[in-house]
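The values are calculated or read from the model by the stated rules, or taken from the named source; none is laboratory data. Keep in mind the model is a prediction, meaning the values are calculated, not measured. Methodologically, a virtual Cβ is constructed for each residue, glycine included, from the backbone with ideal geometry; neighbour enumeration extends over all protein chains shown.
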Amino acid sequence: MPARKPPAPADLTAEGRALWRAVVATYELRADELPLLAEMARTVDDLALMRAALAETGAVVEGSKGQPRPNPLLGEMRGSRLVLARLAGQLGLPDEGAATSKTPAQRRASKAARARWGAVDDGAA
């Protein structure tokens, strides 16, 4: 009988839950790693909220003296993406969605991460 997957935190929205489900379906996390995944999912939720707000307000907003300036959300989103990357790094999750080809060292590190996390082989190669 397969092990029961840990449930997503109740405060996650659809985006965060999707990340949670994808990670727990692919990797077996220890109990001490689940809070890191929860923070990753919350960060994904925060990014979704910021994207929605940015779509409403636009990339350029009016500054204090009426001058056009970049929307402060852009900087917040950049910071949240860095947090997301650091959390993924702390969990040792491989970046398999990267568009660039990996160096041999990166491929070895990805292989080690998959071995460490007990990646589920879905038959896709």
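Listed by first and then second residue, the pairs with beta-carbon distance under 7 Å, at least 6 apart or on different chains, first residue in the stretch 71-92 and in contact (Cβ under 8 Å) with a residue 40 or more places away in the chain, second not in a helix (DSSP H, G or I), are L91/E33.
When T13, T43, T26 are screened for being at pLDDT 95 or above, of a type in the set (S, T, N, Q), surrounded by 14 or more Cβ atoms within 10 Å (Cβ to Cβ) and within 20 Å of P94 (Cβ to Cβ), only T43 passes.
Summed over the stretch 1-56, the residues that are more than 26 Å from R114 (Cβ to Cβ) and in contact with a helix residue (DSSP H, G or I) (Cβ under 7 Å, 6 or more places away or on another chain) give a count of 7.
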